[in-house]
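A short worksheet on the structure shown next.
Please treat every number below as a calculation from the coordinates, not as lab data. In this text, all values refer to a predicted model and were calculated from it rather than measured experimentally. All Cβ positions, glycine included, derive from the backbone under ideal geometry; neighbour counts span all protein chains shown.
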Amino acid sequence: MSAYSAAVGSVAPGRSGEPRIDAEPHPSLRPMLAERYHGYSDAEWPQVHGSVPAGIAVRLVVKLVDSARRPPEFLIGPRDHHLPIDGACAPAYIELVLDPIGACTLLDTPGSELIGRLADLSDVIGRRYCDVADRMRERSSWRDRFDLLDRFLLDRADTGRRPPPEVRRAWSLLTGTGGAIPIGRIAEDVGWSHRHLIAQFGHHVGVTPKVAAQLVRYDRIRRNLTATPHARLTDLALAHGYADQAHFTREFRRFTGVTPTDYRRNKQRSAVDRNTTGHPSVREPAVLTEEET
């Protein structure tokens, strides 16, 4: 069922030593996810832990191999600050990153009930999913695992709640402008009062429109920090709508726990270390193709 895209390189999952396998979800699900499906399977790769940065997306993890920390299936809800994580990742797992509007539907739960939570998935959606999770663990093929996931999510997409069109429009305006649009203009566009917009958006998404705008802006500049390693922080800050570099640094530290300079330095050091060790993760993630099972 999954719409698998062309491979990056000709790497077969299960035989490459790649730490991550990516696959496109079913086309009907794509608008509800912020990223492709990710599959991780590399027991020898050092697991990163410490904290999860702030973000408006909802992260779901299904462990394929269990570990001491956290439930076999868990989620991390929207968060307006970095969230400490105790202990390493499981050696093998599947990760989904849900758009906040999609999360409301696929989990049948408003974002206001997920904000800042690291929760057992069964506490949010009940135990119906457990059979699907167990069958994913039994499969040796990434294709089969992702197809099971597709079928499960498509069923939930048909039955889950959908935020009002005004909330969906507000989210589209925020993402389309990189968080730069004034909240008053969003309220005017959707035909709601400022107060009603804040209440409804906060209920369904989990954070206020103002915080959502900050997170959208932060996510864009975070990506550009590593994509443009020689760009001056002051120039990046002004280009993304911050008043000055000090404003950018304060907000970035709140969302990640580190300064922009330290974040960039850590990313660059990690890339150098991987190139030095020659670990295959320096390549692009393998992407599952029609031929690879």
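Here are some notes:
- Check: segment 165-257 dipole with +1 on Lys, Arg Cβ and -1 on Asp, Glu Cβ, in debye: 220
- Cut-off 12 Å between beta-carbons: net charge of the residues surrounding Ile183, Lys and Arg +1, Asp and Glu -1: +1
- Loop-located trypsin sites (Lys or Arg not before Pro) in segment 74-178 (DSSP state other than H, G, I, E, B) with a sparse environment of at most 10 neighbouring Cβ atoms within 10 Å: Arg127.
- Applying the Karplus relation 6.51 cos²θ - 1.76 cosθ + 1.60 with θ = phi - 60° to segment 140-153 yields 3J(HN,Hα) values of 9, 9, 4, 4, 5, 4, 5, 5, 4, 5, 4, 4, 5, 6 Hz, where x marks Gly and Pro.
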